[in-house]
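A short worksheet on the structure shown next.
Where a number appears in this text, it was derived from the coordinates with a stated rule and is not lab data. None of the values given here were measured: they were computed from a predicted structure. Ideal geometry is used to build each Cβ from the backbone, glycine not excepted, and the neighbour counts take in all protein chains shown.
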C-alpha cells in the first residue's frame, strides 16, 4: 500500500483517538514514546484525513496502542473491495490469502496477512513457516504432524476472528472449503491423538460456518453445522466444544433473532441447561460468560427477572476471569461492553426501558464501528428501548442506522430482529420518521 495516495478519510482512526480523549498531539507523543521517532501532529492529521497512509511500522504501533487490528483502525483496505460482487467475494479473500502465502518468507508480508485476517499484534501469531505445508497436508494425509495440526487450528481461529469484520457471504466460501478439507482428513487413517484434534478443529470450524449460515438466514445449513460441531465434541470427548455447539443451537429456537416474536423459549432454555452440563471452572471464561448471557436473555423472554439477574451475574464473573490468551477466535472481542449488549436486551425484554437505554449506550460506546455484527444488534435493541420509552423519532433513527449496517453486511437475520422494532412503533405509524423507517424495512 503506497503512502501519499489519496484515500477517503479514516474515520475509524479518528474515532478511536477521540474515544481515548486524545488530541493529535497526544497521539504523536505516544508514537514517539513507543518507537523513539518524531511524529508530528500534522502527520496524524494526514492519516485521519486520507492524505497519507501510515507506514508499516506506524500501522503496527497504532494497533498496539489502541489494542485493535489494522482493519478495525481503517489502516488496511477490506479484503473485499467496495466494487466486488458478493459472488466474487470468497474468491477475493482466497486470492488475498494466497498472494501473501506465496511470499510468506518475508516477515512484512506475514504481518500483513495477520492484519488482513483480523489478528491483532497481541493475539494469535499464525504459526505457518512454510506456505506449502497446508496444501501438502491433504495430499499426504497419512503423515500429519504437530505443526500441520497447529496450522489448521490457526486458520480456524483466524476465521473465527474475522466474523465480526467480514461479511458472511464473503467468508462462507473459504470457511466451507476449510471445513471440507478437515472432513477429508477425518476420512483417513490417523493416530488417535491426531484424530481427536482434527475433530476439535473441525467442530470449531463447523460452528463458525453455522453462524455465517445463520446470519444469512440459511437456518437449514446452520442447524446441520451446529449438529456436526456437537457430534465432533462428542467424538473427541471435548465438553467445551459440545457446550459451544449447544449454545449456538439455542439461536435456532430463540425468539431474540426474530425480534422477540415466535421462537420456543422452553427449548432454548433446555439447550442452555444441557450446555451447562458440559462446562466447568476449567472451561474458557469467555465461553462461560457467553453461555450465561444467552441464558439470561431466555429467562428475560420468559419474564423471570430473578433467574435473568442470576445468569447475568455469572456472566459478569466469568468476564472478569477472562485471560488474554482465551480471547481468541469468536471470543476475541468478548469484554464488558459485549456483555452489556446482552444485559441491555434483557432490560428491554423485562420492559425496563430507562436502564436498557443507559446500558446499551454504554455498550455502543465500547464497540468499535468495524464490529458490525455486534454493533447492529446493540443499535437494534437501543431502538426498541426508545420505542418503549415513547420516543418514536429517536427509535426510528436508531433502527435505520442498525438496518443500514445489517443490509450492507448481509445480516439477514438481523433484519428480522429490526422488524420487531417496527412492530413496536405501530402507535406512531404516521410520523414521518416512522414512515421512512417503514419504507426502508419493507424494501430490505
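For the pair residue 335 and residue 55, label points projected 7 Å from Cα toward Cβ lie 2.9 nm apart.
Residues of segment 261-296 falling in the label zone of residue 423, defined by backbone nitrogen less than 11 Å from a point 7 Å along Cα to beta-carbon, are 261-263. Based on Cα contacts under 8 Å between residues 6+ apart, segment 262-330 shows a relative contact order of 35 percent. Here the label points at residue 64 and residue 274, each 7 Å from Cα along the C-beta direction, are separated by 4.7 nm in the simple model.
Potential lengthening of the chain between residue 8 and residue 145 amounts to 44.8 nm, from the contour at 0.36 nm per residue minus the alpha-carbon distance. For segment 196-231 versus segment 363-436, the inter-centroid distance based on Cα atoms is 28 Å. For residue 394 and residue 180, a Förster radius of 45 Å and the Cβ-Cβ distance give a FRET efficiency of 0.45, rounded to the nearest 0.05.
Name the shape class, rounded, prolate or oblate, that the alpha-carbon gyration tensor gives for segment 255-401, where a ≥ b ≥ c are the square roots of its eigenvalues, rounded holds for a/c under 1.5, and otherwise prolate holds if a/b is larger than b/c and oblate otherwise. Taking the square roots of the gyration eigenvalues as a ≥ b ≥ c, segment 255-401 is oblate. The mean sequence separation of alpha-carbon pairs under 8 Å and at least six residues apart, normalised by the residue count of segment 11-66, gives a relative contact order of 30 percent.
Here the gap between residue 442 and residue 261, fully extended at 0.36 nm per residue and compared with their Cα-Cα distance, gives a gain of 63.4 nm. The label-point distance for residue 234 and residue 351, in a model that sets each label 7 Å from Cα toward Cβ, rounds to 4.2 nm. With the cut-off at 1.5 for a/c, could you classify segment 153-241 from its C-alpha gyration tensor as rounded, prolate or oblate? Here segment 153-241 falls in the prolate category. Annotation: peptides 267-278, 406-417, ranked by per-residue average of other Cβ atoms within 10 Å with the highest first, follow the order 406-417, 267-278.
Packing around the peptides 418-424, 203-209, taken as the average count of other Cβ atoms within 10 Å per residue, puts them in this order, highest first: 203-209, 418-424. So what's Rg/Rh here for segment 11-66, counting alpha carbon atoms and using the Kirkwood radius for Rh? With Rg and the Kirkwood Rh in hand, the quotient comes to 0.90. Kindly identify segment 344-444 as rounded, prolate or oblate by the Cα gyration tensor criterion: order the square roots of the eigenvalues as a ≥ b ≥ c, call it rounded if a/c is under 1.5, otherwise compare a/b with b/c, prolate if a/b is larger, else oblate. Since a/c reaches 1.5 but b/c is at least a/b, the shape of segment 344-444 is classed as oblate.
Relative protection proxy for 211-218, 45-52, 303-310, from highest mean packing down: 211-218, 45-52, 303-310 (other beta-carbon atoms within 10 angstrom). With contacts taken as Cα pairs under 8 Å and at least 6 residues apart, segment 181-286 reaches a relative contact order of 20 percent.
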